[in-house]
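First comes the structure, then the notes that go with it.
The values are calculated or read from the model by the stated rules, or taken from the named source; none is laboratory data. Not measured: the values here are computed from a predicted model. Cβ coordinates were reconstructed from backbone atoms using ideal geometry, including for glycine residues, and neighbour counts include every protein chain displayed.
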Amino acid sequence: MSKTVTVSDKLAALVEAHRRAAGFATIDAAAEELITLGLIAATAAVHHSLGRSDGELRGLIDEADASGPAEPWDAAAVKAEVLRRYATLRGA
């Protein structure tokens with residue numbers, strides 16, 4: 001399927017500059033790549049935020065900051081706790 005999209009002269013110039021820099025034969029090919037990359041980035045942003053709004057994310061960050069300094073990471077202690085919980089589940 002093929003669709004025509006009208007863009008501003010400024011945006012068309014940016015797409016054309018991308019076409020030349022990336023070596024695309026046509027502006028359509030350059031536009032398709034840019035749209036694809038934009039959609040991927042938008043999708044990643046949605047997944048990265050886990051569906052939370054900017055305000056909710058800022059609230060979580062504020063909550064984390066208010067909880068005090070981070071505790072040192074003890075990988076051995078975490079591993080031991082995971083193994084303990086796994087053993088409890090298997091024995092249940």
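Does ALA22 fit the bill of being touching a helix residue (DSSP H, G or I) at 6+ places or on another chain (Cβ under 9 Å) and either modelled with pLDDT of 95 or more or farther than 22 Å from LYS3 by Cα (or both)? Against the criterion (touching a helix residue (DSSP H, G or I) at 6+ places or on another chain (Cβ under 9 Å) and either modelled with pLDDT of 95 or more or farther than 22 Å from LYS3 by Cα (or both)), ALA22 qualifies. From the list GLY59, GLY51, GLY55, the lone residue that is in a helix (DSSP H, G or I) and surrounded by fewer than 10 Cβ atoms within 10 Å (Cβ to Cβ) is GLY55.
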